[in-house]
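J.: Sharing a structure with you now.
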Amino acid sequence: MRSFPDDLVQAQQEWSATYHRLADGPGRTTELRRRLYRLSTEVLFHPYWREGGRAPAAWAELRNLGRGGRSRR
C-alpha cells in the first residue's frame, strides 16, 4: 500500500464528499461545481504525482481512500 501525503488524501476526501452532495440534488450547484473543480485541480496537480507518477493503481487507491476505504497505515 502506498503512503499518500495527508493533504492529498484530505483533498480527495473533500472531492468525494462534494461530488456526492452535488449528485444528491438541487441547491447550491454552482458553488459545489466550483469547489469540485478546485479540488480536482488540487488532486490532479499535487506534487506527489511528479515524484511517483500517475499509475492507475495509485489513482484507484487514492480514490478508495477518498471514499473512506481502507486505512492509509
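Throughout, read-outs are computed from the coordinates displayed, never taken from laboratory work. Just so we're clear, the structure is a prediction, and the values are computed from it rather than from any experiment. Cβ sites come from the backbone with ideal geometry, for glycine too, and all protein chains shown count toward neighbours.
J.: Which whole-number percentage describes the relative contact order of the chain, with Cα contacts under 8 Å and a sequence gap of 6 or more?
T.: Reported as a whole number, the value is 53 percent.
J.: Taking 0.36 nm per intervening residue step and subtracting the Cα-Cα distance, what contour gain separates Arg34 from Trp49 on full extension? List each step's numbers first, then the result.
T.: On the way: separation 15, 0.36 × 15 = 5.40 nm, distance 2.28 nm.
Fully extending the segment from Arg34 to Trp49 adds 3.1 nm.
J.: Once you order the gyration tensor axes a ≥ b ≥ c over the Cα atoms, which shape class does region 27-71 get: rounded for a/c under 1.5, otherwise prolate or oblate by comparing a/b with b/c?
T.: On the way: a/c = 3.37, a/b = 1.56, b/c = 2.16.
In terms of gyration-tensor shape, oblate.
J.: Per residue of region 53-64, what does 6.51 cos²θ - 1.76 cosθ + 1.60 with θ = phi - 60° give for ³J(HN,Hα)? Whole Hz please, x for Gly and Pro, Karplus curve as stated.
T.: x, 10, 5, x, 5, 5, 4, 4, 5, 5, 4, 4
J.: Moving on to the next point. Could you give the dipole magnitude of the chain about its Cα centre, charging the beta-carbon of Lys and Arg +1 and that of Asp and Glu -1, in debye to the nearest 20?
T.: Values: 14 positive and 8 negative charges, 25 e Å.
Charge dipole, the chain, about its Cα centre: 120 debye, nearest 20.
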